[in-house]
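Shown next, in structure tokens, is the structure this report addresses.
Readers should treat all values here as calculations from the given coordinates under stated rules, not as data from a laboratory. Since we're looking at a predicted model, the values are computed, not measured. Heads up, the Cβs are rebuilt from the backbone with ideal geometry, glycines too, and the neighbour counts pull from every protein chain shown.
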Amino acid sequence: MGGAGQGADARRRTGHIGRAVVRHSPSPADRCWKVAGGRVYSATMNVRAAKIADAKAIYALINSHAERDRMLFRSMADIYENLQAFVVVEVADSVIGCCALEVIWSDLAEIKSLAVDDSQREKGVGKMLVGAALERARELGVPRVFALTLEPSFFEKLGFAIVEKETLPMKVWSDCAKCSKQQDCDETAVVKDVK
Ligand SMILES: CC(C)(COP(=O)(O)OP(=O)(O)OC[C@H]1O[C@@H](n2cnc3c(N)ncnc32)[C@H](O)[C@@H]1OP(=O)(O)O)[C@@H](O)C(=O)NCCC(=O)NCCS
């Protein structure tokens, strides 16, 4: 590992999302320390569109949080059907985070299934994933993105604003039928205009 090419990578990260190129500001978090065979080495984070081979890792990530009531479960069938909406962050060939952007209507898309491996939290992975989702919305021409979340403060840090859930269109609530909480929904709606 290492070399001049990687140095350039660390200055400005580039990942392919569909046919477009997404750029992320450099951050110390772009490097994770990994231990292998007793040796410690640094590995570079990479954000990219999900591939079929990532589906099981996406499933494991989402459902590890869903088991603790932090997000909705998703089946393998659901993940395969929506794979094109997902981006992942990988380090040394391991998927450590995922996020989906699903278009709801002509003027609105939803950030769904944002999940970061517990051992990799607070390293900028979530921010990278949301940045990639916003870039994808920009490419698609969707002017507004929202999320329903138990972590509104995280989204506020990324420039989202909290809004009343009732201000979102009815179509947004299709997932509620799959949720055990239904009328006792404890999620907060956050929105951001895509510029
Ligand atoms: C919420 C979650 C996605 C955050 O991911 P992460 O990789 O740990 O977050 P980042 O490191 O990118 O954090 C970016 C910024 O948000 C802050 N942040 C992270 N988690 C936060 C939280 N729960 N509340 C408030 N701020 C938070 C970080 O400190 C950082 O701030 P800084 O820019 O001032 O340094 C992750 O903890 C997670 O997967 N949680 C469980 C699943 C979940 O709740 N997903 C959201 C469902 S919509």
Number of the exception - Asp175 against (1) surrounded by 17 or more Cβ atoms within 10 Å (Cβ to Cβ); (2) within 12 Å of the ligand (Cβ to nearest atom): (1)
Lone qualifier among Lys123, Lys192, Lys112 - being touching a helix residue (DSSP H, G or I) at 6+ places or on another chain (Cβ under 6 Å) and crowded, with 18+ Cβ neighbours inside 10 Å: Lys123
From the options Glu122, Glu156, Glu102, residue that is more than 9 Å from the ligand (Cβ to nearest atom) and of a type in the set (Asp, Glu): Glu102
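Residue-by-condition table, conditions (1) within 14 Å of the ligand (Cβ to nearest atom); (2) among the β-branched types (Val, Ile, Thr); (3) in contact with a strand residue (DSSP E or B) (Cβ under 8 Å, 6 or more places away or on another chain):
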| position | (1), (2), (3) |
| --- | --- |
| Arg68 | yes, no, no |
| Ala77 | no, no, no |
| Val91 | yes, yes, yes |
| Ile96 | yes, yes, yes |
| Asp117 | yes, no, yes |
| Met128 | yes, no, yes |
